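A.B. asks: Pasting a structure below so you can have a look.
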Amino acid sequence: MLNVIKKLFSRNNSAKIDAKLIYSLLMKQSRKKMFYGSGKAKDNYDGRIDVLTLHMAIVLNALRGYDINGKLLSQALFDVMRDDFEIAMREEGLSDTGIKRRIKPMMQLFYTRVKAYVEAIEADDSKLLLDIFKKNYAIDTGKFPNKISEYAFAFNSNCASLSLGEIAQAKFVFTDF
């Protein structure tokens, strides 16, 4: 019995370690200047969260294809992200009550965007993805929606080709535009 409990906790612990590695790499990638500026995502809290959400959606979608270990890693990745958001809110001076009030709508928006991104990517529907980017970034013209759409499909292809172990090691290949 004790060995079973140890295995469960060690698996969760390794999933959390892997999730921290993945999250820090996705965070670093989503902060690159190529995503922000005139005619691109706004370089503010909402814009940065949305670009991070795109990256998270693609990785979480790739993890859906794996067994319980994929689910554990997926949950751990979400937990690491949520914890990071809570830390950021604490640094802004919010109390526990303020965080509770703000975190729930943030997570609902995260799930809504993840669902939209995944539906467009799984359907291989570049027009739908373009429409999502135009709406989320309030951009009607310019090259950015096309470029980020191409980027998202390329990153999705990369993630889909990785084994669970490669995802856990954050062996992602990102393209620049």
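The values are calculated or read from the model by the stated rules, or taken from the named source; none is laboratory data. Fair warning: this is a prediction, and the values are worked out from it, not measured in the lab. Note that we place each Cβ from the backbone using ideal geometry, even for glycine, and neighbour counts take in every protein chain shown. The accessibility values were calculated without ligands, DNA or RNA, using every heavy atom of the protein model including side chains. Shrake-Rupley method; radii C 1.70, N 1.55, O 1.52, S 1.80 Å.
A.B. asks: Within segment 20-63, restricting attention to residues that are open to solvent by 20 Å² or more (accessible area, probe 1.4 Å) and in contact with a strand residue (DSSP E or B) (Cβ under 8 Å, 6 or more places away or on another chain), which residue is farthest from residue 139 (Cα to Cα)?
C.D. replies: Restricting to residues being open to solvent by 20 Å² or more (accessible area, probe 1.4 Å) and in contact with a strand residue (DSSP E or B) (Cβ under 8 Å, 6 or more places away or on another chain), the top hit is 48.
A.B. asks: Could you count how many residues in segment 77-125 are under 14 Å from the mean Cα position of the chain (by Cα), open to solvent by less than 40 Å² (accessible area, probe 1.4 Å) and at pLDDT below 90?
C.D. replies: Number satisfying all stated conditions: 3.
A.B. asks: I'd like to check something: does segment 139-151 contain any residue that is farther than 14 Å from residue 40 by Cα and open to solvent by 80 Å² or more (accessible area, probe 1.4 Å)?
C.D. replies: Yes, the conditions are met somewhere in segment 139-151.
A.B. asks: Among the residues of segment 70-88, are any without any contact (Cβ under 8 Å) to a residue 12 or more places away in the chain, among the hydroxyl-bearing types (Ser, Thr, Tyr) and in a helix (DSSP H, G or I)? Quick ask: steps written out before the conclusion?
C.D. replies: Here is the first cut: in segment 70-88, the residues without any contact (Cβ under 8 Å) to a residue 12 or more places away in the chain are 71, 83, 87-88.
Those still in the list that are among the hydroxyl-bearing types (Ser, Thr, Tyr) too: none.
No: segment 70-88 contains no residue that is without any contact (Cβ under 8 Å) to a residue 12 or more places away in the chain, among the hydroxyl-bearing types (Ser, Thr, Tyr) and in a helix (DSSP H, G or I).
A.B. asks: Could you run through segment 152-163 and say how many residues are touching a residue at least 12 places away in the same chain (Cβ under 8 Å) and open to solvent by less than 70 Å² (accessible area, probe 1.4 Å)?
C.D. replies: Looking only at that region, the number is 8.
A.B. asks: If you scan segment 64-76, which residues turn out to be of a type in the set (A, V, I, L, M, F, W, C) and surrounded by 14 or more Cβ atoms within 10 Å (Cβ to Cβ)?
C.D. replies: The answer is 72, 73, 76.
A.B. asks: Scan segment 118-131 and give yes if some residue there is free of Cβ contacts under 8 Å to residues at least 12 places away in the same chain, within 20 Å of residue 15 (Cα to Cα) and not basic (Lys, Arg), otherwise no.
C.D. replies: Taking every residue of segment 118-131 in turn, none turns out to be free of Cβ contacts under 8 Å to residues at least 12 places away in the same chain, within 20 Å of residue 15 (Cα to Cα) and not basic (Lys, Arg).
A.B. asks: So, one more: If you check residue 133 against the conditions, is it modelled with pLDDT of 95 or more, closer than 17 Å to residue 52 by Cβ and assigned to a helix (DSSP H, G or I)?
C.D. replies: Criteria not met by residue 133.
A.B. asks: Turning to a different aspect of this structure: Check residue 128 against each of (1) under 28 Å from residue 16 (Cβ atoms); (2) over 18 Å from the mean Cα position of the chain (by Cα) and name the one condition it does not meet.
C.D. replies: That leaves (1) as the condition not met.
A.B. asks: Counting only residues that are open to solvent by 50 Å² or more (accessible area, probe 1.4 Å) and either at pLDDT 95 or above or touching a strand residue (DSSP E or B) at 6+ places or on another chain (Cβ under 9 Å) (or both), how many does segment 164-177 have?
C.D. replies: Qualifying residue count, segment 164-177: 4.
Residue-wise test of (1) farther than 30 Å from residue 162 by Cα; (2) touching a residue at least 60 places away in the same chain (Cβ under 8 Å).
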position: 39; (1), (2): yes, yes
position: 48; (1), (2): no, no
position: 61; (1), (2): no, yes
position: 67; (1), (2): no, no
position: 90; (1), (2): yes, no
position: 95; (1), (2): yes, no
